[in-house]
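The values are calculated or read from the model by the stated rules, or taken from the named source; none is laboratory data. This one's a predicted model, so the numbers in the text were calculated from it and none came from an experiment. Note that each Cβ is placed from the backbone with ideal geometry, even for glycine, and that neighbours are counted across all protein chains shown. The area values use the complete protein model at the heavy-atom level, side chains included, leaving out ligands, DNA and RNA. Shrake-Rupley method; radii C 1.70, N 1.55, O 1.52, S 1.80 Å.
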Amino acid sequence: MAGKNERQRRQARERYRRQQEERFVRQRQVRKRWITGIIAVAAAGLIAALLVVFLPGGSGKNASASASKSPSASPSASASASASSSASTVAEPAHHCTYTKTSPASRNVGLPPATPDYTASYQATIKTNLGPITVNLLNDKATCTVNSFVHLAEAGFFNNTQCHRLLTSGIYVLQCGDAYATSTTKLNCSTTSNVGTGTPGYQYTSENLTNATYPAGTIAMANEGTPISNGSQFFIVYKDSTSGLNGSSAPTYTPFATVSSGLDIVQNVAKDGYSCTYAQAGGGVPKKKVIIESVTIKKT
């Protein structure tokens with residue numbers, strides 16, 4: 001009897017040991033699947049993050065001119081500057097413009113008129129703390145862009161704003177037109193700052209891109225990498241940047257004005273360089289502060 005009881009106890013211990021081993025194996029398999037799932041999710045997140053950073057016009061911060069966040073991408077002209085996924089080349093001057101509301105606006109001044117004065121000639125004077133910059137607006141080639149710029153200027157959108165971004169290598173531009181960068185804002189290239197992301201509360205389609213070039217004296221719109229992401233930010237080219245802005249692709253930034261006097265002001269700012277670097281957008285805050293005090297429009 002004692003031998004039988006001992007055998008039963010041994011068998012019971014063996015069953016318990018096997019049950020423990022099976023439980024351990026199951027737990028290890030569960031942990032393995034759990035860890036594999038976490039790794040897969042993390043890898044997907046990393047890939048998504050890399051795409052956001054490295055695709056043209058990707059990062060929303062510091063929307064620029066590589067003059068957006070860095071000159072981003074935008075296709076060709078549209079007589080109505082209508083919001084669409086692609087822009088079609090049509091004859092200018094445009095007789096109708098479509099501006100699509102967005103939010104938030106860095107400074108809300110309403111929408112431009114839908115019917116531009118396409119027969120007019122415009123000259124703008126950008127009064128800065130360093131002196132005036134006079135420009136001729138290309139109303140017969142980028143009608144809806146000029147219509148928007150005139151509207152923003154006359155509404156005081158640009159008044160007391162800083163030119164927040166300078167690029168000095170490959171692309172030679174000074175970027176302005178973000179009302180988040182006020183005359184008193186301390187610019188520091190922070191990724192948590194709104195500066196570089198400002199819009200007027202609407203966007204519209206690119207124009208005047210066929211065979212576009214960007215020699216010194218060109219003023220063009222910054223965008224976020226899509227044909228319909230033009231807003232208020234623009235850049236002044238102070239040294240030929242055609243190859244840098246176009247690269248191996250078609251032009252993507254709407255040229256809408258040329259500097260007739262005052263380009264030396266921007267060139268002198270560029271000589272001083274920038275004080276900090278925008279990690280995602282490139283370039284940095286100009287060492288020499290440039291404040292747009294006002295923009296006045298002369299119509300003939």
Applying 1/(1 + (r/R0)^6) with R0 = 25 Å to the Cβ-Cβ distance of T300 and A155, what FRET efficiency is obtained, to the nearest 0.05?
0.75
Per-pair calculated FRET efficiency, R0 = 41 Å: A250 and K287 via Cβ, rounded to 0.05:
0.75
Classify the range 136-219 as rounded, prolate or oblate from the Cα gyration tensor: take a ≥ b ≥ c as the square roots of its eigenvalues, call it rounded if a/c is under 1.5, otherwise prolate when a/b beats b/c and oblate if not.
oblate
Using a 1.4 Å probe over the heavy atoms of the protein chains, calculate the carbon and sulfur portion of the accessible area of the range 115-196 as a whole percent.
44 percent
Residue-normalised accessible area of the range 140-245, expressed per residue, 1.4 Å probe, Å²:
30 Å²
What residues from the range 247-281 fall in the zone where the backbone N is under 11 Å from a label point 7 Å along the Cα-to-C-beta line of L130?
263-274
Could you please state how large a percent of the accessible area of the range 242-292 is carbon and sulfur, counting protein chains only and using a 1.4 Å probe?
47 percent
Area accessible to solvent at S169, 1.4 Å probe radius, in Å²:
100 Å²
Of the listed pairs K239/K289; K101/K186; K186/K271; K271/K299; K186/K299, which have alpha-carbon separations greater than 31 Å here?
K271/K299; K186/K299
I need the calculated FRET efficiency for the pair H96 and D240, taking r as the beta carbon distance and R₀ as 30 Å, to the nearest 0.05.
0.30
Separation of the range 95-122 and the range 231-279 by C-alpha centroid, Å?
23 Å
